[in-house]
Each structure stands twice: as structure tokens, then as C-alpha cells.
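Structure, as C-alpha cells:
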Amino acid sequence: MLSNHFENGMDMARLAWSRLPHSEDGELDGVGLLSTSSNRNGVESLDYEVIENYAYREEQAQRGKFFVGYNVAVKWFFALLIGIGTGLAAVFINISVENFAGWKFSLTFNIIQKSYLAGFLMYILINLALVFSSVYIITHFAPAAAGSGIPEIKGYLNGIDIPGILLFRTLIGKIFGSIGSVGGGLALGKEGPLVHTGACIASLLGQGGSTKYHLSSRWLQGFKSDRDRRDLVTCGCAAGVAAAFRAPVGGVLFALEEVTSWWRSQLMWRVFFTSAVVAVVVRVAMGWCKSGNCGHFGAGGFIIWDISDGQEDYSFEELLPMAVIGIIGGLLGALFNQLTIYVTRWRRNYLHKKGNRVKIYEACLISVLTSVISFGLPLLRNCSPCPDSDPGSEIECPRAPGADGNYVNFYCGKDKEYNDLATIFFNTQDDAIRNLFSAKTIHEFSAKSLLTFLVMFYTLAVVTFGTAVPAGQFVPGIMIGSTYGRLVGIFTVNHYKKLNIDEGTYALLGAASFLGGSMRMTVSLCVIMVEITNNLKLLPLIMLVLLISKAVGDVFNEGLYDEQARLRGIPLLESRPKYVMRKMTAREACGNQKVLSLPQVVKVADAVSILRSNKHNGFPVVDHTRDGEPLVIGLMLRSHLLVLLQSKIDFQHSPLPSHSRSGSGAIRHNFSEFAKPVSSKGISIDDIYLSSEDLEMYIDLAPFLNPSPYVVPEDMSLTKVYNLFRQLGLRHIFVVPRASRVIGVITRKDLLIEEESEDSATMELQSTSVRGQRHKTRLLEENGADAERPLLNGLLVQNQR
């Protein structure tokens with residue numbers, strides 16, 4: 001009877017998951033790598049540029065000031081929803097992880113009172129079940145939820161469309177997969193997955209939910225452009241960090257420093273507001289849990305290690321060992337990045353090619369290995385006698401079985417003894433870090449135990465990174481750094497013989513140094529460390545070790561997320577162009593590629609032939625003057641042309657233009673029809689059926705093309721083209737011959753627009769000079785309107801991804 005109910009439950013679960021969108025070609029596989037069917041050439045860019053065609057201009061002309069205010073209010077409302085949603089997701093993940101871990105340790109401690117072997121087997125089985133649930137969800141239902149997700153989100157905000165990373169199924173897989181992997185005791189954290197979770201929540205809210213799973217709302221579908229979605233995802237990333245560390249300011253700076261490529265002041269306010277909302281939601285939830293409503297959830301739930309009662313001052317002599325901590329962090333962080341590169345390449349080339357079953361075996365094997373090490377190594381360590389208790393201290397030695405805190409009594413022969421290795425090994429990672437950071441616990445950990453834990457946990461973190469489970473690297477990095485930081489603190493205390501030196505302070509500096517040496521963040525990481533430790537006095541020291549560790553790490557390789565993005569085939573545009581670009585021009589970058597262009601009025605059969613013959617995502621539209629010279633009149637996106645072919649309402653029998661170039665004539669499309677869905681690849685040419693009569697028709701592209709694409713001269717430095725492309729978030733740039741005429745010069749004064757009155761919608765540009773205006777008028781009278789259009793040289797810088 002019970003087995004039948006279990007099978008029925010599994011069938012219902014499979015049916016529910018089957019309603020979610022299935023993985024498509026090009027979606028990320030179980031380790032977060034782009035599948036072989038979708039290499040770098042198959043990655044597309046996002047349209048962050050506003051396509052100012054006639055449909056867009058007509059739509060904007062119909063909107064008044066009320067709509068502008070309404071649009072701003074909706075953006076703030078969405079920021080509120082993102083903060084609430086991400087905060088609730090973080091609360092759910094943390095409560096679940098803490099309860100699973102609490103039940104696991106409580107049950108294990110109860111069993112080992114009778115038999116250590118039975119407790120050992122129970123400990124392994126619970127961890128194995130949790131990890132198996134996580135890897136099964138990832139491999140079978142949500143492959144894009146593997147890993148931290150930060151490299152993929154960084155790529156998205158850099159302008160790269162990676163299918164599958166923001167789906168509803170990815171969100172569900174990220175949440176429940178994180179609970180299993182973190183609760184199962186693997187050497188990973190939940191902070192990176194929380195960033196990905198916040199981004200998914202923001203993206204789903206922006207598109208109105210999931211239509212495939214029937215969880216959508218039409219009134220939420222207000223933002224359909226990639227530009228607006230980018231802003232929402234940025235808010236989600238900051239919310240994820242704010243929820244993971246209870247660090248709202250750190251979340252804003254993390255989004256600014258690490259993941260975003262474009263930033264503006266209006267976005268700063270909304271991101272800050274979102275992070276503040278997350279902080280309020282988390283604090284309310286923690287207050288509610290203090291009354292005992294959340295089971296085992298306690299002080300270890302959210303990552304915050306209060307060391308405000310630690311070392312209050314430091315001497316000049318301590319700067320040397322602190323600088324040594326920074327150097328060690330840079331070396332170990334760079335080594336960690338390099339080792340993860342080797343392990344990830346080996347997994348991709350040999351192991352994960354064998355299918356999902358091998359990925360499940362791998363994760364389960366690592367789970368068993370982690371459990372054996374965390375349970376078995378403390379058994380080999382001799383216990384130490386409890387120190388004399390301080391009357392004013394709340395630290396209990398040994399602690400009660402199953403409770404969180406310092407001084408774990410594990411396999412000790414006497415009651416007043418504790419196992420220092422079990423205090424950090426046989427514990428949740430959050431509680432272990434709290435023990436390493438703890439103040440006024442001098443000589444709690446021996447140097448031998450700390451060195452043993454450092455070597456073993458460092459190895460486990462390298463091996464675990466890249467498995468098919470959601471995995472963050474913040475907490476493992478803090479664990480590693482705080483271990484060798486405390487080691488340096490022990491040597492410093494023994495050398496200087498000063499009573500005011502606290503080992504927990506050095507553990508904090510070690511954690512900051514390893515994260516700086518691995519992730520190469522400075523400002524955001526510094527603020528996060530200050531917020532989670534509640535000790536502003538250590539800010540100068542944290543800044544010192546971060547600068548040293550980053551400088552040392554940069555000598556060997558790039559940051560962790562940049563290296564992983566490269567391994568995943570994500571073509572990021574870095575903030576600075578390569579040095580070789582200084583010696584290249586825009587024409588040289590184009591090479592000898594053939595430019596495929598479209599006429600203003602194109603035959604349907606010709607348009608279909610061009611779309612089938614290549615995968616370009618943008619085409620120059622070329623007209624001709626009376627003298628037969630080609631003129632660039634705009635840019636036509638592939639996605640927009642596919643919408644026109646699918647609707648067929650703009651087909652015409654005549655090969656002559658149906659609209660004048662001033663845009664007169666009715667537009668039978670809403671601008672939102674051209675928006676690409678965020679959760680799919682959009683329309684394909686193979687999805688459109690056209691009859692033989694349709695193929696003989698024509699389409700006038702003038703109302704739907706972008707009449708003002710960005711154009712650069714052919715001899716412009718490629719460095720300037722790179723900066724223009726990246727800073728404006730472009731997808732295409734036309735390369736044309738050097739212009740022969742100048743019709744005007746725009747200076748700063750021309751861009752200072754003044755309104756004539758509050759009720760007037762007309763804008764007035766202040767001219768730079770009367771002579772320039774007269775010269776422009778004379779040129780227009782002599783050469784006609786065609787003098788304003790550049791000639792096409794047959795060159796095009798085109799992002800075909």
C-alpha cells in the first residue's frame with residue numbers, strides 16, 4: 001500500500017514537471033556549460049539599443065506625460081516585488097537548509113551516544129539522499145540551474161542571450177537544488193545560487209510569469225524590451241546578494257562592480273530600494289522565527305557573524321602578518337581558479353560526455369567522500385580539555401549535543417573535553433565560520449587541526465566545484481580563508497605575546513583575502529565583509545588585504561567568474577579592449593566578409609532566401625540615389641523581419657514603396673509585437689508557412705527598420721569602436737567610407753534642451769552658431785535631402801551571436 005502511494009506520488013511529480021518548458025538545443029547542460037550543439041557561434045546578442053522605427057515613434061507620440069509617470073511608478077513597483085520575492089525565496093532556502101542540517105546533526109548525535117558506526121552510516125545516508133535529490137533535479141529537469149549562475153547572469157547583463165538561464169523551471173531547480181546540495185554538506189554555498197534566483201524572479205516578473213506553466217498575469221507584462229529586462233535582472237542580482245549576506249549596500253556594489261556592464265543613476269536608486277526591501281523582509285522573517293516557529297532555524301540561518309566584541313585596536317607590528325595574509329590569499333585564490341579550470345575541462349571532455357547517469361554517480365561519490373572525511377577525521381583527533389570558563393562569557397564548553405556553538409564533544413572520553421577538528425568539520429558551514437571568527441577563544445583550535453582542515457576542505461572545494469548541483473563559492477572561500485587566517489593569528493599571538501591580539505580578527509582578514517584573490521572583487525567585497533561582521537573598525541585592514549590579494553592574484557590569472565565564463569563559451573566584452581586593437585581599424589576588423597543587404601522593398605521570396613542562407617541577426621537596408629549610388633537608409637533586424645513574414649498583413653503586390661520616407665501611412669503593428677520572448681528563442685524561419693502566392697509578394701521595410709543605426713568611419717581605431725560598442729550596449733555597427741560633407745557640429749550646448757513652457761511638448765535646441773545653421777541650409781538646398789545620408793562601403797561590423 002505504501003509503495004503504491006509512493007509510486008503515484010512520483011508519477012504526479014513527473015507530470016507536474018513535464019508541464020514545464022523542455023530543454024532546447026543550446027540550453028546549458030548539467031554543469032553549466034553550453035552544449036556542443038550550441039557553441040560560441042550559436043550565442044546571440046540582446047537588443048539593448050532602442051529601435052526607433054516608425055512603429056516605435058508612433059507609439060511614443062501617442063503617450064503623454066501621464067504614461068511616463070505611470071511607467072516610472074511601475075518600475076518602482078516591480079523593484080518592490082523583486083525585493084519581496086527574492087527575500088521570501090532566501091528565507092525559504094535558509095529555513096529548509098537549517099532544518100535539514102539540524103535534523104541531521106541532532107539525529108546523528110543521538111545515535112552516536114549508542115554506536116558511532118550506526119551514527120556514521122546514518123550521517124552518510126542523510127547527506128547522500130539530500131545530494132541525490134539535488135543532482136536528480138538538475139540533470140533531469142533544470143540543467144541550467146547547475147553551478148552558481150553568476151557567470152551566466154554576468155553574460156546576460158553584458159548583452160549575451162543564453163537560452164534557459166531565466167526560465168521558471170530554472171528558478172524552481174535552483175531553489176530546491178540548493179537546499180539539497182547545501183543541506184547535504186557539500187563544500188559549496190548558497191550565495192551564488194541566490195543571485196541567480198533573484199535574477200530569475202526579476203525576469204519572470206518582467207515577462208508576466210510563465211505562460212507554459214499557466215502562472216502568468218497580463219497586467220504584469222509591462223516590460224518587453226531587453227533594455228527594461230536588463231534593469232530588472234540587475235535589481236534581482238543585487239537582491240540576491242543582499243538576501244544571502246543581509247548586506248543591502250554590498251548587494252548594490254556587487255551588482256555595480258561584478259555583474260553589470262551598463263549603469264546609470266536612475267537604476268542605482270531602484271537597485272538600492274530593492275536591496276533595502278530584501279533587508280526588511282529578511283529581518284521580519286528572522287524576528288518571526290525567534291519565537292520558535294521555524295524548527296531548527298536559529299542564529300546560523302543567515303550569514304552574519306557578529307565580531308563587534310573582538311579586537312578593538314591593532315599595532316603597527318601587526319601590519320606585516322596581515323600583509324602576509326593578503327599574499328597567501330592571492331596565491332591560494334589564483335591556485336583555486338587554475339585548479340577549477342583543469343577539473344572543469346576534464347569533466348567536460350571526458351566525464352560528463354557519458355550522460356546524466358555519470359553526473360549523478362559523480363555527485364553521490366563526492367557526497368560520500370565528504371561525509372567520510374567530515375565524520376572520520378575528527379575521530380582520529382585527540383580531544384582537548386575545556387579551557388577555564390569566563391564568568392561573563394556565554395560560550396559553553398562542551399556544548400550540548402546537537403546544538404550549535406563552539407567546543408563540540410565528539411568521541412571524547414571525558415565530559416569536560418572537546419574535539420577542535422569536529423568543531424569546524426562536523427558542523428554546518430555557517431556555524432563553522434562563526435566558530436572560526438569567534439572572539440576571545442584563544443587556543444580553541446590547534447595549528448595541526450587547522451592545517452588538516454585547510455588541506456582537506458580546499459581539496460573538497462576544488463573537486464566539488466563543477467558538479468551538476470547548484471553551487472556557490474562565497475562560503476567555501478570564507479571557510480578556507482578564515483582557516484589560514486586563524487593559523488597566522490596563532491603564530492602572531494605566540495610571537496608578539498600581546499593579550500589584545502584576537503585570532504578571530506585574523507580569520508576575518510583571511511576570509512577577505514581568499515575571496516579577493518579568487519573573485520578579484522574589492523569595493524563590494526569590502527563592504528560585504530564589514531556588513532556581515534558588524535565591525536567597522538576593521539575596514540582599513542580589510543581594504544589592505546583585499547588590495548594585496550587582488551594584486552597578487554592578477555599576476556597569475558583572471559577572476560573566478562571570468563575564467564568560468566570563458567570555459568562556458570560566454571563571449572564577454574571586458575571593460576577594457578585588448579592592446580592589439582590599438583593598431584587595428586574598423587575596416588580591418590570587418591575583414592573580407594560579404595555584406596548581405598536588403599532593398600527597401602524586398603520580394604518575400606528573396607527575403608526568405610537570405611534568411612535561410614545565413615544566421616545574421618541584422619541587415620543593412622540600402623536604397624539608391626538618382627545617380628545609382630547606394631545609400632544606407634537603416635538597419636533591419638532578423639527578428640523583426642520574421643514577425644512581418646509571419647503576420648503577412650504588410651504583403652503587397654507592387655514593388656514600389658507604400659510609405660513615404662517621412663513615415664506617413666498607417667502602421668498596422670504594435671511595437672510590442674516585435675519584442676522577443678525572454679524564455680524562448682523566438683520565431684524561426686522554419687516555423688513560418690508561406691504559399692507560392694505569398695512568395696511572389698513584396699514588403700516595404702521602411703516603416704519597420706531602424707533609420708538611425710550607429711555608423712563609424714572605416715579608418716576609426718578599433719579601440720574606439722570597442723568602447724562605443726560596449727558602453728552603448730550595441731548589437732551592430734555600420735562601417736562606412738569617410739564622409740565627404742559636414743552638415744553641422746554638435747557641442748555640449750546643443751544638448752542642453754529647454755522646454756518653452758510646462759504645457760508645451762516641443763523642445764528647442766540651442767544652435768552652436770548662426771553661421772553653421774546657414775551653411776547647413778545652403779548645403780541642403782544645393783544637394784537635397786540625400787546629402788544627409790552616408791554611403792555604404794560594403795562593410796559591416798555585425799554581432800552574429
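Structure notes:
- For the stretch 582-596, the candidate set comprises residues that are of a type in the set (S, T, N, Q) and touching a residue at least 12 places away in the same chain (Cβ under 8 Å); within that set, the residue that is least open to solvent (accessible area, probe 1.4 Å) is 585.
- Some residue of the stretch 137-156 being under 19 Å from residue 370 (Cα atoms) and surrounded by fewer than 24 Cβ atoms within 10 Å (Cβ to Cβ): no
- Reported count of residues in the stretch 368-389, each being among the polar types (S, T, N, Q) and open to solvent by 20 Å² or more (accessible area, probe 1.4 Å), is 3.
- Which listed residue is in the same structural domain as residue 426 (by the TED database) and farther than 20 Å from residue 412 by Cβ, from 120, 105, 109, 92: 92
- Hits in the stretch 453-472 (condition: open to solvent by less than 10 Å² (accessible area, probe 1.4 Å) and in a loop (DSSP other than H, G, I, E, B)): 467, 468, 469, 471
- When the test is whether a residue is open to solvent by less than 10 Å² (accessible area, probe 1.4 Å) and farther than 16 Å from residue 256 by Cβ, residue 528 does not pass it.
- Among the candidates 759, 786, 750, the residue that is under 29 Å from residue 58 (Cα atoms), acidic (Asp, Glu) and at pLDDT 50 or above is uniquely 750.
- Of the residues making up the stretch 442-452, those that are surrounded by fewer than 22 Cβ atoms within 10 Å (Cβ to Cβ) and in a loop (DSSP other than H, G, I, E, B) are 442, 443, 446.
- Consider the stretch 50-106 and keep the residues that are of a type in the set (Phe, Trp, Tyr) and touching a residue at least 40 places away in the same chain (Cβ under 8 Å). The one that is least open to solvent (accessible area, probe 1.4 Å) is 78.
- Pair list, Cβ < 8 Å and 6+ apart or interchain, from the stretch 523-546 residues that are within 11 Å of residue 513 (Cβ to Cβ) to residues that are polar (S, T, N, Q) and not in a helix (DSSP H, G or I): 546/522
- The set of residues in the stretch 557-581 being open to solvent by 40 Å² or more (accessible area, probe 1.4 Å) and closer than 23 Å to residue 331 by Cβ consists of 558, 566.
- For residue 490, the requirement of being in a helix (DSSP H, G or I), over 33 Å from the mean Cα position of the chain (by Cα) and modelled with pLDDT under 95 is met.
- The condition of being modelled with pLDDT of 80 or more, on the phi > 0 side of the Ramachandran plot and either open to solvent by less than 60 Å² (accessible area, probe 1.4 Å) or of a type in the set (Ser, Thr, Tyr) (or both) holds for only one of 355, 330, that being 355.
- For the stretch 80-115, the set of residues classified as assigned to a helix (DSSP H, G or I) and basic (Lys, Arg) consists of 104 only.
- The lone criterion from (1) outside any helix (DSSP H, G or I); (2) over 25 Å from residue 360 (Cα atoms) left unmet by residue 187 is number (2).
- Test: residue 217 is modelled with pLDDT under 95, more than 13 Å from residue 150 (Cβ to Cβ), surrounded by fewer than 24 Cβ atoms within 10 Å (Cβ to Cβ) and in the same structural domain as residue 458 (by the TED database): yes
- Residue under evaluation residue 296, criteria (1) in contact (Cβ under 8 Å) with a residue 24 or more places away in the chain; (2) of a type outside the set (A, V, I, L, M, F, W, C); (3) assigned to a helix (DSSP H, G or I); (4) open to solvent by 30 Å² or more (accessible area, probe 1.4 Å), criterion not met: (3)
- Members of the stretch 109-125 that are modelled with pLDDT under 90 and crowded, with 17+ Cβ neighbours inside 10 Å: 109, 112
- Test result for residue 677, at pLDDT 90 or above and out of contact with any Phe, Trp or Tyr (no Cβ under 9 Å at 6 or more places or on another chain): no
- Qualifying residue in the stretch 503-515 (condition: open to solvent by less than 10 Å² (accessible area, probe 1.4 Å), in the same structural domain as residue 179 (by the TED database), not hydroxyl-bearing (Ser, Thr, Tyr) and not in a helix (DSSP H, G or I)): no
- Residue match in the stretch 602-625 (condition: open to solvent by 30 Å² or more (accessible area, probe 1.4 Å), on the phi > 0 side of the Ramachandran plot and without any contact (Cβ under 8 Å) to a residue 40 or more places away in the chain): no
- The one condition in (1) out of contact with any Gly (no Cβ under 7 Å at 6 or more places or on another chain); (2) under 25 Å from residue 422 (Cβ atoms) that residue 485 fails to fulfil: (1)
The values are calculated or read from the model by the stated rules, or taken from the named source; none is laboratory data. Every value quoted in this text rests on a predicted model; they were computed, and no experiment measured them. So basically every Cβ, Gly included, is an ideal-geometry build from the backbone, and we count neighbours across all protein chains shown. Quick note on the areas: whole protein, heavy atoms, side chains included, nothing else; ligands and nucleic acids left out. Shrake-Rupley method; radii C 1.70, N 1.55, O 1.52, S 1.80 Å.
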